[in-house]
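Undergrad: Have a look at the structure that comes next, please.
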Amino acid sequence: MVITVRGTIEHATIAPLCDTINYVVEQHRPATVHIDLQFVTYIDATAVSALDACRRSARNGGTSVVLRSASAAVERTLQTSGMFSDHGR
């Protein structure tokens, strides 16, 4: 299962993304959900924290959430946060 995200991920836009991830996990029960960040231009620390909480919740339900294809700027924010040191490319 792949969820492609576009634009910015920040405090104002993170809730719909987490809702989508939660819906996919609850309705489809995939082993892995890939979050494709190729078209994300910015992510803020609040969104990273919320996304990490969403990922932990999915993991408790048996689903791994993997981030992939992040731009260099988004990658730096994810690495700086330390929360997504194991995300995929």
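Undergrad: List every residue pair whose Cβ atoms lie under 8 Å apart, where the two residues are 6 or more positions apart in sequence or sit on different chains, the first residue falls within region 8-27 and is of a type in the set (D, E, K, R), and the second residue, located anywhere, is assigned to a helix (DSSP H, G or I) and open to solvent by 60 Å² or more (accessible area, probe 1.4 Å).
TA: Glu10/Thr46
Undergrad: Sticking with this one: When region 11-59 is examined, which residues are found to be small (Gly, Ala, Ser) and crowded, with 16+ Cβ neighbours inside 10 Å?
TA: Scanning region 11-59 gives Ala47, Ala50, Ala58.
Undergrad: Which residue pairs have Cβ atoms under 6 Å apart, sit 6 or more places apart or on different chains, and have a first residue in region 54-82 that is closer than 15 Å to His34 by Cβ and a second that is of a type outside the set (Phe, Trp, Tyr) and part of a helix (DSSP H, G or I)?
TA: Listed by first residue and then by second, the contacts come to Cys54/Cys18; Cys54/Ile21; Ala58/Val25; Thr63/Val25; Val65/Arg55; Val65/Ala58.
Undergrad: Report, by residue number, each residue of region 6-40 that is within 10 Å of the chain's Cα centre (by Cα) and under 14 Å from Arg55 (Cβ atoms).
TA: Selection gives Ile9, Ile14, Leu17, Cys18, Ile21, Val33, His34, Ile35, Leu37.
The values are calculated or read from the model by the stated rules, or taken from the named source; none is laboratory data. Being a predicted model, the structure only gives us computed values, none of them experimental. Neighbour counts are summed over all protein chains in view; Cβ atoms, including those assigned to glycine, are modelled from backbone coordinates with ideal geometry. Just so you know, the surface numbers come from the protein's heavy atoms only, side chains and all, with ligands and any DNA or RNA stripped out. Shrake-Rupley method; radii C 1.70, N 1.55, O 1.52, S 1.80 Å.
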